[in-house]
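Written out below as structure tokens is the structure these notes cover.
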Amino acid sequence: MNKVISAHAVSVDGYITGRDPGAGRGLGDGTMLFDWYFAGDTPSQVFDGFGLSEPSARLFDTLAGRVGAVVAGRNTYEDSDRFGGGSPHPAARLIVLSHRPAPEMTEQQTLVTTGIEDAIAAAREAAGDKDVGLMGGGVVTEALKAGLVDEVVLHQVPVLLGGGRPFFQALPQHVRLRLLEAVPAPGVTHLHYAVER
């Protein structure tokens, strides 16, 4: 069965956006969370235009190559200008989880309004034999609460943003993680965990 993975760029103090994110403003003042995408001369084999350091490219492309569908929350969808009608991943279908209708959905995008379990089920079907990626703190939190997350990857950027949207929201209980890999790279440290059940 395919796995459900969350991979997010995050500040040391736990934010996945800076202050004042939103449509037309992206990550607000937190754009440096993605500087490592362009911090090297190793082209990504999955994402056109990314020039990563060699250690980042190895880990990033391995993870990105596993993904066949992405579940994103409504805030992420809107903050990212609806991904231009496509998906945040060049080869993965987008499932948008929202409690309200979303305008201008395209045939590459599917809206699910009935909860995280249904969104991940739709993503699993769309992904085929590949894995499901999660985007957005609310989506990841709901999936963790439901016991549906297999792996968490933190692309930890050495900055204290001091505000923005936190990666993790309140959880009803502890979630134990087991470190699979730690990869230091220019401008980022990649921390790859398995969720223990």
Worksheet item: For region 124-197, what is the convex hull (Cα atoms) projected area averaged across all directions, in square nanometres?
Response: 6.3 nm²
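For the chain, what does -39500 (n - 2.57) per DSSP helix run (n ≥ 4), summed and divided by total residues, give at 222 nm, in deg cm²/dmol to the nearest 500?
-6000 deg cm²/dmol
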Discussion item. In whole percent, and with a 1.4 Å probe on the protein chains, what portion of the accessible area of the chain is carbon and sulfur?
Written reply: 52 percent
Discussion item. Kirkwood hydrodynamic radius, computed over distinct alpha-carbon pairs, for region 1-114: how many Å, to one decimal?
Written reply: 15.3 Å
Worksheet entry | Local electrostatic count, residue 181, Cβ distance below 13 Å [Lys/Arg +1, Asp/Glu -1] | +1
Discussion item. Report for the chain the percent antiparallel among DSSP-assigned beta bridges with both residues inside it, nearest 5.
Written reply: 45 percent
Fill in: Cα coordinate range in the chain, projected on the principal axes (Å, largest first)
40, 39, 34
Worksheet entry | Residues of the chain: accessible area per residue with a 1.4 Å probe, Å² | 48 Å²
Worksheet item: If you find the alpha carbon centre of region 167-197 and of region 56-128, how far apart are they in angstrom?
Response: 21 Å
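What does the charge add up to near residue 9, with Lys and Arg as +1, Asp and Glu as -1, over the other residues with Cβ less than 14 Å from its Cβ? The partial results should precede the final answer.
Details: positive: 165; negative: 13, 35, 79.
Every neighbour counted, the sum reads -2.
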Practice prompt. Go ahead and set up a Gaussian network model of the chain, Cα springs under 10 Å, then flag whichever of 45, 173, 156 fluctuates most.
Written response: 173
Worksheet item: Just 181, 104, 54 to compare: in a GNM of the chain, with alpha carbon springs under 10 Å, which one fluctuates most?
Response: 104
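The values are calculated or read from the model by the stated rules, or taken from the named source; none is laboratory data. The structure displayed is predicted, hence computed values, not measured ones. Cβ coordinates were reconstructed from backbone atoms using ideal geometry, including for glycine residues, and neighbour counts include every protein chain displayed. Accessible surface is based on the protein model in full, side chains and every heavy atom, while ligands, DNA and RNA are left aside. Shrake-Rupley method; radii C 1.70, N 1.55, O 1.52, S 1.80 Å.
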